[in-house]
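Each remark here refers to the structure printed beneath this line.
The values are calculated or read from the model by the stated rules, or taken from the named source; none is laboratory data. As the structure is a computational prediction, the values presented were derived from the model and not from experiment. A quick note on method: Cβ atoms are made from the backbone with ideal geometry, for glycine too, and the neighbour counts reach across all protein chains shown. Just the protein is used for accessible areas: all its heavy atoms, side chains included, with ligands, DNA and RNA removed. Shrake-Rupley method; radii C 1.70, N 1.55, O 1.52, S 1.80 Å.
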Amino acid sequence: MLGETAPMTVDALTDVAGLRVGHATRTGDGWLTGVTVVLAPEGGAVAAVDVRGGGPGTKETDALDPRNLVQRVEAIVLTGGSAYGLDAASGVMAWLEERGRGVPVGPDPRHVVPVVPAACVFDLGRGGDFRARPDAATGRAAVEAAAACEPGAPVPQGCVGAGTGAAVGAMKGGVGTAGVVLASGITVAALVVANAVGSVLDPETGVLYGELFQGRVTYPRARVHEAARRRLAESAARNAPAPLNTTLAVVATDADLSKAQAQKLAGTAHDGIARAVRPVHLLHDGDTVFTLATGARPLDPGNPLALNDVLAAGADMVMRAIVRAVRAAESVDVPGGTWPSYRELYGESSGAPTGEPAGESSGGS
């Protein structure tokens, strides 16, 4: 990170004042999916998007192009269910319209069109029923959950919302979030849905790739890692997931950004995915990053690196959020087997002294 940082509050997307996050989760009876909604303050936030995957499933992303009319949005939807799940945005639109929130299109203040960008992850059939997928009602439930949250509330992580049916390689994925306050006072935070066809795990050591960029790491003991590798190989053979995966992210800040600056932030934030997942941005990925900027804090005009600090922090927060998503996920039983979690495979901590590679761990391997 280019600039110094100060302690965050809840270390989540809701560190950005005014943002709320709500989940709707469906499990059991063939369901393993859900929706996550990021609700902006009333009046909306400047928004942008950058799509790098070759197989995205998105809605209203063209409206976020800096060359186009819409400047602010009221909400962003992240959903399971592949392209079918994009119907969840309709429920969020209806909820916003009922409250007169959206782009004014006439003299009557009730005449608004809420622009609700959305993106989906592939989780079809992971709970057993291919037709069990989010719809408008699921989207409404998620936005209602967001609206019911207190400002600055912690955000549930792991197998919730759009991360309910997520998987990373042969391991369980989920939702994660992280936030930081820069020395300038600007807050930058991210929320991700980790659902990657690539791996988050160094195959030689069992360390999460994203943690390698956060200082010295704690390596799993060799025998733990070998047992985990066997479990993951079994999971990969049994679950045989289709190579249809996506990592989604929302990066938010209270900085006063233009749409072009917000789009740049969305683009550089993809670096955080690339640090934490390998490989990324493949033909069958739909990797998508949204940006929200509430504009509460101006960039320091006397500091030419002010925007760079925000850009660097966005990538760092996406990387940290992916790590937290994987660590928060729990193993899930599915038809024919189990999606094992990192927590089950390696334990709450990996067990080896800090900085000691798995193949050289003490205590017997």
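Based on Cα contacts under 8 Å between residues 6+ apart, the chain shows a relative contact order of 24 percent. Its DSSP H runs of at least 4 residues, each contributing -39,500 (n - 2.57), put the calculated 222 nm mean residue ellipticity of the chain at -8000 deg cm²/dmol, to the nearest 500. Within the P(r) computed for segment 20-170, what percentage of the Cα pairs occupies the region above 21 Å? Distances greater than 21 Å cover 43 percent of the Cα pairs. Once the Cα atoms are used to define both axes, helix 88-98 deviates from the longest principal axis of the chain by about 30 degrees. Of all accessible surface on the chain at a 1.4 Å probe, what whole percent is carbon and sulfur? The nonpolar share, carbon plus sulfur, comes to 52 percent. Note the angle between two axes, namely the Cα long axis of helix 306-328 and the longest principal axis of the Cα atoms of the chain, as a number of degrees from 0 to 90, rounded to the nearest 10. Between the helix axis and the principal axis of the chain, the angle is about 50 degrees. Among the GluC sites (Glu not before Pro) within segment 190-234, those in coil by DSSP and having at most 16 neighbouring Cβ atoms inside 10 Å are GLU204.
Here the alpha carbons of the chain define both size measures, Rg and Dmax, at 19.9, 75 Å.
Using only the alpha-carbon atoms, how far is helix 222-239 inclined from the longest principal axis of the chain? Give it as 0 to 90 degrees, nearest 10. For helix 222-239, the angle is close to 60 degrees. Across segment 13-121, the mean sequence separation of Cα contacts (distance under 8 Å, 6 or more residues apart), normalised by length, yields a relative contact order of 26 percent.
Multiplying the residue separation of LEU69 and ALA237 by 0.36 nm and subtracting their alpha-carbon distance yields 55.7 nm. Shown here for segment 13-74: trypsin sites (Lys or Arg not before Pro) in loop regions (DSSP other than H, G, I, E, B) with at most 13 other Cβ atoms within 10 Å, namely ARG67. The mean sequence distance of close C-alpha pairs (under 8 Å, at least 6 residues apart), as a share of the length of segment 63-193, puts its relative contact order at 22 percent.
The calculated Kirkwood hydrodynamic radius for segment 275-346 is 15.8 Å, given to one decimal from all distinct C-alpha pairs. Taken over the alpha carbons of segment 196-320 as equal point scatterers, the Debye sum produces base-10 log I(q)/I(0) values at 0.11, 0.16, 0.20 Å⁻¹ of -0.50, -0.86, -1.10.
With the simple model of a label 7 Å out from the Cα in the direction of the Cβ, VAL10 to ASP256 spans 2.7 nm. Annotation note: trypsin sites (Lys or Arg not before Pro) in segment 103-186 located in DSSP loop regions with a Cβ neighbour count of at most 12 within 10 Å are ARG110, ARG131. Charge dipole of the chain (Cα centre as origin; +1 on each Lys and Arg Cβ, -1 on each Asp and Glu Cβ, all else neutral): 500 debye, rounded to the nearest 20.
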